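Notes follow once the structure below has been shown.
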Amino acid sequence: MAIKLYERMKVDIPVQAVALTGNTTSKYFDLSGYDRGMFVLNCAIMADAETAKIEVFGADNAAGTSGALITSHAATITSPVKGSIGYIHVNSPDTDDAVTVNGVTFTKKTTKDDAANQFATVADLVAQINAAGLGLTAAVDNTNYALITSTVPGKNVVTITDAATKLPVSLRSAQAFIEVDESAGYRYVAAKVTVSASTTCSVTLIRGDARNMPVAQATGAQYPA
């Protein structure tokens, strides 16, 4: 019988989903017995230009008394770049206001022109994004918003740029990833998350390629048992 994924890797939640302000650092987790670990930072609503940064600290004991930042192990989400769900508020933009989604520019006009990516309403913008072949799915949300979702999260990303104050943009979901192993010089690792504004975030740690299998996932429901 094939070895199950949960027998090859250990999944933990170093930072529970919570509205963060400033920064928080998780407890330390033991990498011994695994070839590597991956921290995954998940963030919810982030306004334009807000950031969320994840860094990795290493230590030689579980208490982290010798903890130090592991150089170069950091990743930053900057809204609205490389998210999995984006948001554009199309309320009352001025004529010629424009927004760019994954490199394609859409411009507000009094009359729509689908061939030129010129929209008059949020429904027009949504239809044009869907037709642009960007690996994204757009839908009208809450009357005046374009909700843009990656069709393959983690592969296709949503990047929005906007110079028009009447077309405010944001992210509704984004992720960042950091891999680390014991070769970084530390057996125990912890995640630090720093946000520029109050943002709901969580961190998942996946320790994989266990050297001694199976791994016991004693704290989670699982199927098959």
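Readers should treat all values here as calculations from the given coordinates under stated rules, not as data from a laboratory. If you're wondering where the values come from, they're calculated on a predicted model, not measured in any experiment. Cβ sites come from the backbone with ideal geometry, for glycine too, and all protein chains shown count toward neighbours.
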HN-Hα couplings for the range 118-135 via Karplus (6.51, -1.76, 1.60; θ = phi - 60°), in whole Hz with x for Gly/Pro, come out as 10, 10, 10, 9, 5, 5, 4, 4, 4, 5, 6, 5, 4, 8, 7, x, 9, x
From DSSP H assignment alone, runs of 4+ in the chain each adding -39500 (n - 2.57), the sum over residues rounded to the nearest 500 puts [θ] at 222 nm at -1500 deg cm²/dmol
With R₀ set to 25 angstrom, the calculated FRET efficiency between the beta-carbons of Asp48 and Asp114, to the nearest 0.05, is 0.40
In debye to the nearest 20, the charge dipole size for the chain, taken about the Cα centre with +1 at each Lys and Arg Cβ and -1 at each Asp and Glu Cβ, equals 440 debye
If the label point sits 7 Å along Cα→Cβ of Glu179, residues of the range 14-35 with amide N under 18 Å come out as 31-35
The distance between the Cα centres of the range 6-46 and the range 93-112, in whole Å, is 39 Å
In whole angstrom, largest first, the equivalent ellipsoid semi-axes that the Cα gyration tensor gives for the chain are 41, 19, 13
Taking placed amide H atoms and a strict 5 Å upper bound, the residues 5 or more places from Leu134 or on another chain that come that close are none
Within the under-13-Å Cβ sphere about Lys192, not counting Lys192, Lys/Arg +1 and Asp/Glu -1 give a net charge of +1
Over the range 86-162, the quotient of the Cα radius of gyration and 2.2 N^0.38 Å is 1.00
The ³J(HN,Hα) series, computed from each phi in the range 23-39 with the Karplus coefficients 6.51, -1.76 and 1.60 at θ = phi - 60°, rounded to the nearest Hz and given as x for glycine or proline, is 8, 8, 10, 7, 6, 8, 10, 7, 8, 4, x, 10, 6, 6, x, 9, 8
